[in-house]
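The values are calculated or read from the model by the stated rules, or taken from the named source; none is laboratory data. Note that the structure is a prediction, hence the values are computed from the model and not measured. Here the Cβ positions follow ideal geometry from the backbone for every residue, glycine too, while neighbour counts run over all protein chains shown.
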Amino acid sequence: MITFITSVEVPVSNLDKALSWYTEILQFQVMWRDEQSAFIALAGEGTRLFLVQTNDEKRLEFTNTNTGVVHSVIDFYVENLPAFHAFLKQHGVEVTELQPKAMGFGFRDPDGNFYGAHIDQLSYQYKKNPTISSKV
């Protein structure tokens with residue numbers, strides 16, 4: 001049986017540039033790399049990203065055909081959304097507006113992969129009201 005997700009594969013056009021961005025801006029650490037790909041991870045436990053250099057122009061995102069909203073495929077947990085939003089903007093990262101109701105915002109890596117930064121809504125709501133079921 002499946003117990004967890006080990007990695008998510010991310011397309012990039014230039015591995016060296018991508019590694020610089022992910023390590024300098026998002027604070028990932030390089031776990032392993034070769035000429036065309038690399039495993040990177042955040043400090044602590046969790047899912048790793050597998051950056052793969054490719055000429056394929058498809059990127060991580062999709063549009064909800066019911067609402068027209070562009071969705072990220074990967075969302076990162078952030079404790080201080082306003083500070084992280086400001087940090088990314090200061091470093092020239094394309095970001096969406098901070099959405100207080102959704103408790104998050106979107107941003108793009110240099111290749112156009114779309115990510116979300118959020119407070120973990122279910123955990124946040126559960127901490128406020130422990131009677132809410134943590135099972136979905």
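Numerical summary
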| quantity | calculated |
| --- | --- |
| Count of the stretch 75-92 residues which are at pLDDT below 95 and surrounded by 12 or more Cβ atoms within 10 Å (Cβ to Cβ) | 5 |
| Some residue of the stretch 41-63 being surrounded by fewer than 14 Cβ atoms within 10 Å (Cβ to Cβ), of a type in the set (A, V, I, L, M, F, W, C), more than 26 Å from Phe4 (Cα to Cα) and out of contact with any strand residue (DSSP E or B) (no Cβ under 6 Å at 6 or more places or on another chain) | no |
| Val30, sole failed condition from (1) out of contact with any Lys or Arg (no Cβ under 8 Å at 6 or more places or on another chain); (2) closer than 18 Å to Tyr115 by Cβ | (2) |
| Among residues of the stretch 70-104, those that are in a strand (DSSP E or B) and either within 24 Å of Ser7 (Cα to Cα) or under 13 Å from the mean Cα position of the chain (by Cα) (or both), counted | 8 |
